[in-house]
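Peer 1: Would you mind keeping the following structure in view while I ask a few things?
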Amino acid sequence: MFQDIKNPNTYCFVCSHVLNQERQISFIHHDNDGDWQFLCDKEHEIKDIKVLSISEITNLDKTLELCPKLDYGQSAEKSKKGIWNILSASRAC
């Protein structure tokens, strides 16, 4: 399971572009309060954000399993070569 999350029904936030499979996930953020965000490279408004379970999001993108473990407050970005890199705190959302 993604990031060793025990409950596959843990909710996460995903943008509609990813949900509708118009774009790939290129940014992950693990909030300080434990929430997860999975976004593409477009700008987003509140109306673009949807709620899914972790199991649903990992079914949409199998490359998530390759992302390094993210602690609270950390973010990762996927390079054009498909490699996940942890961002410095100054670049996180």
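Peer 1: Could you list all residues from the range 6-43 that are of a type outside the set (Val, Ile, Thr) and over 23 Å from residue 83 (Cα atoms)?
Peer 2: 6, 7, 8, 9, 11, 32, 33, 34
Peer 1: I've got another one for you. Against the definition (open to solvent by less than 70 Å² (accessible area, probe 1.4 Å) and out of contact with any Ser or Thr (no Cβ under 7 Å at 6 or more places or on another chain)), how does residue 38 come out, yes or no?
Peer 2: Numbers: open to solvent by less than 70 Å² (accessible area, probe 1.4 Å): yes; out of contact with any Ser or Thr (no Cβ under 7 Å at 6 or more places or on another chain): yes.
Yes; evaluated as a whole, the condition is true for this residue.
Peer 1: Kindly indicate whether any position in the range 71-80 is of a type outside the set (D, E, K, R), farther than 12 Å from residue 13 by Cβ and exposed (fewer than 11 other Cβ atoms within 10 Å of the Cβ).
Peer 2: We begin by selecting, within the range 71-80, every residue of a type outside the set (D, E, K, R); these are 72-76, 79.
Those still in the list that are farther than 12 Å from residue 13 by Cβ too: 72-76, 79.
This time we only want the ones that are exposed (fewer than 11 other Cβ atoms within 10 Å of the Cβ), so: 72, 79.
Within the range 71-80, one or more residues are of a type outside the set (D, E, K, R), farther than 12 Å from residue 13 by Cβ and exposed (fewer than 11 other Cβ atoms within 10 Å of the Cβ).
Peer 1: Here is a follow-up. Would you mind telling me which numbered condition in (1) at pLDDT 95 or above; (2) buried (at least 18 other Cβ atoms within 10 Å of the Cβ) residue 54 fails?
Peer 2: (1)
Peer 1: Go over the candidates 12, 67 one by one and state the one that is surrounded by 12 or more Cβ atoms within 10 Å (Cβ to Cβ), at pLDDT 95 or above and in contact with a Phe, Trp or Tyr (Cβ under 9 Å, 6 or more places away or on another chain). Outline the logic, then answer.
Peer 2: On the way: 67 fails: at pLDDT 95 or above.
None of the other options fit; the residue is 12.
Peer 1: Show the residue pairs meeting these rules: Cβ distance below 6 Å; 6+ apart or different chains; first residue within the range 32-52 and in contact (Cβ under 8 Å) with a residue 60 or more places away in the chain and over 10 Å from residue 18 (Cβ atoms); second residue open to solvent by 80 Å² or more (accessible area, probe 1.4 Å) and not in a loop (DSSP other than H, G, I, E, B).
Peer 2: Listed pairs, sorted by first residue: none to list.
Peer 1: Something else about it: Which condition number does residue 62 fail, the rest of (1) more than 15 Å from residue 13 (Cα to Cα); (2) surrounded by 11 or more Cβ atoms within 10 Å (Cβ to Cβ) being met?
Peer 2: (2)
The values are calculated or read from the model by the stated rules, or taken from the named source; none is laboratory data. Quick caveat: nothing in here was measured; it's all calculated off a predicted structure. Here Cβ is always computed from backbone atoms with ideal geometry, including for glycine, and neighbour counts include all displayed protein chains. Note: areas computed on protein heavy atoms with side chains; ligands, DNA, RNA excluded. Shrake-Rupley method; radii C 1.70, N 1.55, O 1.52, S 1.80 Å.
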